[in-house]
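Working notes, beginning with the structure itself.
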């Protein structure tokens, strides 16, 4: 009876260690790279697991951005 109890304990320990190792691998493969990427100010692409740098649209089209006009002042009308 003692031998069976010892095997069950080892089985529980093995399952626990496998779950811990799986969580560590998940963190190392998915969570930590995403956190590093977002901390650098880039975008994390979860589907391809890559860190992408945002690009302004004017760099792609070649058109320079126009200056914004100042909003009209809210002067009271007489």
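The values are calculated or read from the model by the stated rules, or taken from the named source; none is laboratory data. The shown structure was predicted, so the numbers you read here are calculated from the model rather than taken from an experiment. When we count neighbours, we look across all protein chains shown, and the Cβ atoms used for this are built from the backbone with ideal geometry, even at glycine.
What the table below lists for this structure:
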read-out	value
Some residue of segment 15-24 being in contact with a strand residue (DSSP E or B) (Cβ under 7 Å, 6 or more places away or on another chain) and modelled with pLDDT of 75 or more	no
Qualifying residue in segment 62-71 (condition: part of a helix (DSSP H, G or I), at pLDDT below 90 and out of contact with any helix residue (DSSP H, G or I) (no Cβ under 9 Å at 6 or more places or on another chain))	no
Restricting segment 41-61 to residues that are touching a strand residue (DSSP E or B) at 6+ places or on another chain (Cβ under 9 Å) and exposed (fewer than 10 other Cβ atoms within 10 Å of the Cβ), the residue that is modelled with the lowest pLDDT	54
